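So the structure is just underneath, and the comments pick up after that.
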């Protein structure tokens, strides 16, 4: 039995109409459905019982606060939603509730004098990136879904996505402060307006990487990061193992950490290079992108990387000076997933395997053999493999035939997340891009123990005594 | 209705539903299509108003066998609001699973026609007119020919080299007539032996896009019969919509003997062969509005630009979103006959504002519907004194 009372959507609408303007409320059936889907709906359609009562698209912190006060006092679940692109199931709901869509929380002020930018959580990441680039700044958030992903979700997950952590860090390293609305409706300011960040307890850190469990972020203050000069390189091999060893060397020999260091296995490299009109690579490859304050610095870093990578005797490792060539190579990486999907006439299941430096070679082998022993994954065969090898992350991809029944597609996802958990447990790692809960909750419990999970629940209860905010994230 | 007919109707509906669900099985709700959807851009931010939000609405209406009239009417309003500009499909192909979203939308419209829910109320009159008069504007055959007054245009016969397929919009709209007249002037200048159909009827595009497939097939049959009896081997269309319909939607086998071109392709060839040379200096800053059905549907981006660049003195500027990224004018997919109150701006208006900001003096289009919408955009932006909208044919004729 649900811990929440059942409500009539009409009465919720009428009640909210008293405290919120009509234009921020949507009762449309199709809008409610669309706000309850995630990228894995192909494996399980939502049921009519799961359609949210209402979609609310507040335009200000005050409106968010009004909504939360109402939801808290009536014990109605509220699901905070950006673009719904979560790949670990955080934007899938199993209770009836209200969707709080953040798309209209979209202020953006670049405050050069202070050295920070303030923005709402509803922007698409790409939009913020473009606005900052116009002013000569760099946004250290680079998800594959940059065109659609909303920046609030990225901050809640504390992910820089494709970037190498040891070069770029995590969003938490750049966020100076936040405004957040608690599940009870109170508004909280955290952090500082100074570039000198708070020492000691800073509630900012509860929300950045808080998986959306503790409050609704309504404004983010982030340090401005000046733009960089860039240099690029690529290495080809006939075997993936030397490439993994080369990445280990980058760390062990103190080579300058690149901004990006990406891996494509042979199949992915050949499909995506062909699409971009590049010569077919002989096997797997890595591509890397270094940054510096000057072109000389960036070039120096790339040369250092090439030198270190060459010690593993790849077929070729080189700096790329032709920007057009680099753009095509980078596009090949970016278009890898769509084109392997389309070549395989299917939809994808994507997982996230994270390694340590010493285990990188073994982890690569485990990722390549991920299907082994998993009955449904074995039907598909070996996964396609690419990933941010410099950030010690692999993304094995399973292309699921589109004509498989949903239950079978669901089994692919279940087995994939189970194997992902096993491998990450083996190496003592956890996801570095996506959140820790939703589909991954069992892994969290296994990895950190019941006590840790209980503590998370108790911390949530302090912020959210009625457990109304994103309750299905901790499923 | 007889029992047999009812069963046949039921089979058609079930087949359409199956087709739609099969197409949408590829969609993973990644929403990569949404930022590309112009319809989403001009509404208030509801996901169900754009691209995969529309197709997901259709998906669940079928899955849950929705019969509630109010909800189906809501579905109709979003389904018919799509411009079929194809931006979503291109985004999906480049970034995701390559789902044929427009195919699903078109079949969804057919399904709503079968269910007697579609098309939009204002579109019904266009379809009735198409059935009764062979054009969506309720034009008599006399009016259809009125634009020819003062011109020496012959009817197409076997002795004539090229069929000039005029389409329905030019004869119906005084401003658009000048496009047809301009093209006649250019063809005469190049000494092309061309003719028009004595009794031209619509290509069927509006019926196809509004979901009235039966009517489209009837029109298609009539046209093919006429083309065959007249021995048409080469056809030049004024509208990109007619062009795409003949090229891609008519039976390939029946059309294989006929070379179909949009007039911009035909003119580009004539310029290349020096059969048309522009003499007049036209020192203007011009922006070209890519038509969706020329550009994204048929990859015709260079020909219109080559033509414009061959005009002496002309400076060609580009919109920020151009070619494959170009913004639709808002007129495709049957929208010339419908208004949608969920829209907070007009695409043509946005386009005109951008052209003004970029310092353009003239926007040139190569599509009658783009022209009509852009003229409205100029009025809405209140820039009639500083911004002119011209069609490529008319503009080129003036530069001779």
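Restricting attention to segment B:24-39, which residues are within 21 Å of residue A:144 (Cβ to Cβ) and more than 7 Å from chain A (Cβ to nearest Cβ)? Residues satisfying the conditions are B:27, B:33, B:36, B:37. Can you spot a residue in segment B:300-320 that is closer than 30 Å to residue A:31 by Cα and under 15 Å from the mean Cα position of the chain (by Cα)? No, that holds for no residue. Among residues that are without any contact (Cβ under 8 Å) to a residue 40 or more places away in the chain, touching a helix residue (DSSP H, G or I) at 6+ places or on another chain (Cβ under 7 Å) and outside the structural domain of residue B:205 (by TED's automatic domain parsing), residue B:74 is included.
If you go through segment B:237-253 one residue at a time, do you hit one that is farther than 30 Å from residue B:36 by Cα and over 22 Å from the mean Cα position of the chain (by Cα)? Full working, then the answer.
Residues of segment B:237-253 that are farther than 30 Å from residue B:36 by Cα, as a first pass: B:251-253.
Going one step further and asking which of them are over 22 Å from the mean Cα position of the chain (by Cα), we end up with B:253.
Within segment B:237-253, one or more residues are farther than 30 Å from residue B:36 by Cα and over 22 Å from the mean Cα position of the chain (by Cα).
Checking residue B:198 against (1) within 25 Å of residue B:375 (Cβ to Cβ); (2) at pLDDT below 95, which single condition isn't satisfied? Every condition holds for residue B:198 apart from (1). Just one residue in the set B:236, B:260, B:232 is farther than 22 Å from residue B:113 by Cα and part of a loop (DSSP other than H, G, I, E, B); that residue is B:232.
Would segment A:105-113 turn up any residue that is under 30 Å from residue A:355 (Cβ atoms) and away from every other protein chain (no Cβ under 12 Å)? Walk me through how you get there before you give the answer.
Narrowing segment A:105-113 to residues under 30 Å from residue A:355 (Cβ atoms): none.
No, segment A:105-113 contains no residue that is under 30 Å from residue A:355 (Cβ atoms) and away from every other protein chain (no Cβ under 12 Å).
Inspection of segment A:460-472 finds a residue satisfying the criterion of being surrounded by 22 or more Cβ atoms within 10 Å (Cβ to Cβ), more than 23 Å from residue A:159 (Cα to Cα) and touching a strand residue (DSSP E or B) at 6+ places or on another chain (Cβ under 9 Å). Evaluating residue B:265 against the criteria (1) surrounded by fewer than 23 Cβ atoms within 10 Å (Cβ to Cβ); (2) under 15 Å from residue B:365 (Cα atoms); (3) outside the structural domain of residue B:386 (by TED's automatic domain parsing); (4) in contact (Cβ under 8 Å) with a residue 40 or more places away in the chain leaves one unmet condition, (4). If you go through segment A:331-375 and keep only what is more than 14 Å from every other protein chain (Cβ to nearest Cβ), more than 13 Å from residue A:419 (Cα to Cα) and in a helix (DSSP H, G or I), you end up with A:360, A:361, A:362, A:364, A:365. Test of understanding: among A:126, A:139, A:132, which residue is part of a helix (DSSP H, G or I), crowded, with 20+ Cβ neighbours inside 10 Å and either on the phi < 0 side of the Ramachandran plot or in contact (Cβ under 8 Å) with a residue 12 or more places away in the chain (or both)? Among A:126, A:139, A:132, only A:132 is part of a helix (DSSP H, G or I), crowded, with 20+ Cβ neighbours inside 10 Å and either on the phi < 0 side of the Ramachandran plot or in contact (Cβ under 8 Å) with a residue 12 or more places away in the chain (or both). Looking only at segment B:1-39, residues that are in a helix (DSSP H, G or I) and farther than 23 Å from residue B:111 by Cα come to 4 in all.
Is it the case that some residue within segment B:7-20 is surrounded by 23 or more Cβ atoms within 10 Å (Cβ to Cβ), at pLDDT 95 or above and either in contact with a strand residue (DSSP E or B) (Cβ under 8 Å, 6 or more places away or on another chain) or not assigned by TED's automatic domain parsing to the domain that holds residue B:350 (or both)?
Filtering segment B:7-20 down to residues surrounded by 23 or more Cβ atoms within 10 Å (Cβ to Cβ) leaves B:20.
Pick out the ones that are also at pLDDT 95 or above and you get B:20.
So of that shortlist, the ones also either in contact with a strand residue (DSSP E or B) (Cβ under 8 Å, 6 or more places away or on another chain) or not assigned by TED's automatic domain parsing to the domain that holds residue B:350 (or both) come out as B:20.
Yes; the residues of segment B:7-20 include at least one that is surrounded by 23 or more Cβ atoms within 10 Å (Cβ to Cβ), at pLDDT 95 or above and either in contact with a strand residue (DSSP E or B) (Cβ under 8 Å, 6 or more places away or on another chain) or not assigned by TED's automatic domain parsing to the domain that holds residue B:350 (or both).
Residue B:94 fails exactly one of the following numbered conditions: (1) within 25 Å of the chain's Cα centre (by Cα); (2) at pLDDT 95 or above; (3) within 14 Å of chain A (Cβ to nearest Cβ). What is the number of that condition? It is condition (2) that residue B:94 fails.
Please state which one of A:183, A:258 is within 30 Å of residue A:279 (Cα to Cα), touching a strand residue (DSSP E or B) at 6+ places or on another chain (Cβ under 7 Å) and assigned to a loop (DSSP other than H, G, I, E, B). Lay out the reasoning, then the answer.
Working: A:183 fails: within 30 Å of residue A:279 (Cα to Cα).
Of A:183, A:258, the one residue that is within 30 Å of residue A:279 (Cα to Cα), touching a strand residue (DSSP E or B) at 6+ places or on another chain (Cβ under 7 Å) and assigned to a loop (DSSP other than H, G, I, E, B) is A:258.
Can you tell me which condition residue A:75 does not meet? The list is (1) in contact with a helix residue (DSSP H, G or I) (Cβ under 9 Å, 6 or more places away or on another chain); (2) surrounded by fewer than 18 Cβ atoms within 10 Å (Cβ to Cβ); (3) modelled with pLDDT of 95 or more, and all the others hold. Here residue A:75 clears every test but (1).
In contact with a helix residue (DSSP H, G or I) (Cβ under 6 Å, 6 or more places away or on another chain) and at pLDDT 95 or above, is that true of residue A:364?
Values: in contact with a helix residue (DSSP H, G or I) (Cβ under 6 Å, 6 or more places away or on another chain): yes; at pLDDT 95 or above: yes.
For residue A:364, the condition - in contact with a helix residue (DSSP H, G or I) (Cβ under 6 Å, 6 or more places away or on another chain) and at pLDDT 95 or above - is met.
Going by what's in this entry, would residue B:68 be described as modelled with pLDDT of 95 or more and more than 20 Å from the chain's Cα centre (by Cα)? Walk me through how you get there before you give the answer.
Details: modelled with pLDDT of 95 or more: yes; more than 20 Å from the chain's Cα centre (by Cα): yes.
Judged against the criteria, residue B:68 is a match.
When only residues in segment A:53-85 that are in a loop (DSSP other than H, G, I, E, B) and within 11 Å of chain B (Cβ to nearest Cβ) count, which is farthest from residue A:33 (Cα to Cα)? Outline the logic, then answer.
Let us first name the residues in segment A:53-85 that are in a loop (DSSP other than H, G, I, E, B), namely A:53, A:57-60, A:75-77, A:82-85.
Filter again for within 11 Å of chain B (Cβ to nearest Cβ), leaving A:57, A:59, A:82-85.
Details: A:57: 15, A:59: 21, A:82: 15, A:83: 14, A:84: 12, A:85: 15 Å.
The extreme case among them is A:59.
Of all the numbered requirements in (1) buried (at least 22 other Cβ atoms within 10 Å of the Cβ); (2) in contact with a helix residue (DSSP H, G or I) (Cβ under 7 Å, 6 or more places away or on another chain), residue A:91 misses one, and that requirement is (2). Could you tell me which residue of segment A:10-47 is farthest from the other protein chains (Cβ to nearest Cβ), considering only residues that are over 32 Å from the mean Cα position of the chain (by Cα) and farther than 25 Å from residue A:61 by Cβ? Across segment A:10-47, the extreme among qualifying residues is A:11. Entry remark, segment B:341-370: residues being in contact (Cβ under 8 Å) with a residue 40 or more places away in the chain, more than 24 Å from residue B:393 (Cβ to Cβ) and assigned to a helix (DSSP H, G or I) number 1 in total. Considering (1) over 23 Å from residue A:170 (Cα atoms); (2) surrounded by 15 or more Cβ atoms within 10 Å (Cβ to Cβ); (3) within 14 Å of chain B (Cβ to nearest Cβ), the lone condition that residue A:318 does not fulfil carries the number (3).
The values are calculated or read from the model by the stated rules, or taken from the named source; none is laboratory data. Predicted, not measured: the structure shown is a model, and the values here were computed from it. Quick reminder, even Gly has a Cβ in these numbers, built from the backbone with ideal geometry, and neighbours come from all protein chains shown.
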